[in-house]
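Derivation of every value follows stated rules applied to the coordinates shown; laboratory data play no part. Keep in mind that what you see is a predicted model, and the values were worked out from it rather than measured. Using ideal geometry, Cβ is built from the backbone for each residue, glycine included, and neighbour counts are taken over all protein chains shown.
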Amino acid sequence: MNKNSILLILLLGICLNSFSQIYVDKNGNVYDQRKTTATNTSQRTLPQKKSASSFDVSKLSIGGNLSLQFGDYTLVGISPQVGYDFSKYLTAGAGLGYTYFKEDFYDYDYSGSYLSFNLFGRFYPVEYLVIGVQPEISRLWQILKYNDGYKHSENEFVPSFLIGGGVRLGGMIAMIQYDVVQNKNSPYGDNLFYSIGYTFRF
């Protein structure tokens, strides 16, 4: 067998291999198996990307405080809050509050209510400790009723900014807090105060 015959056989083999991957059916449709194979391979190897900033419902929490006091000074308050755990060290969220109060004096009665909106952040440096900040704006309505029949009423916006620290035991948070703004009509007064709340998680 001479060299020309060998070259002819090799060329025929290459052509047959190409035709086996590219063919035409009886309707005249052209099929290229090489492109299909390459496409399928690339589809199998492409990884699916996951969203890095997806919202996780399990990190939501609902909690707040309930205040009750009766006697010469009556106080009823509720302040629900919704928070989100951005990490195991930080929870932030927002809340609403409503407080009704009434105090009886010798010659007049003093009553009013607050409707509040707040933002809060809580930092957990270690497992059982919590540090908190809470800016808040409240709408105050108050009435003074004197025994001689005279009445005086006023309403205004009252800003507050609470800072404090405390302990966290499970879902319970107990804190000592202070209002640094010290508005004369602050619902938190001018002294340190304590609060106890409970948080429920989804």
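A few notes on this one:
- For E127, E156, E136, order by how many other beta-carbon atoms lie within 10 Å, fewest first: E127, E156, E136
- Per-residue HN-Hα couplings for the stretch 164-173 [Karplus 6.51, -1.76, 1.60; θ = phi - 60°; Hz; x = Gly/Pro]: x, x, x, 10, 10, 10, x, x, 8, 10
- Per-pair calculated FRET efficiency, R0 = 30 Å: L192 and F86 via Cβ, rounded to 0.05: 0.60
- Where trypsin sites (Lys or Arg not before Pro) fall in DSSP loop in the stretch 134-202, at most 16 other Cβ within 10 Å: K184
- Euclidean distance of C-alpha centroids, the stretch 134-154 and the stretch 172-186, integer Å: 20
- Cβ-Cβ FRET estimate between E156 and D109, R0 fixed at 25 Å, reported to 0.05: 0.80
- Listed by chain and number, the aspartates and glutamates whose alpha-carbon sits under 18 Å from that of K184, ignoring those within fewer than 8 places in the same chain, are E103, E136, E154, E156.
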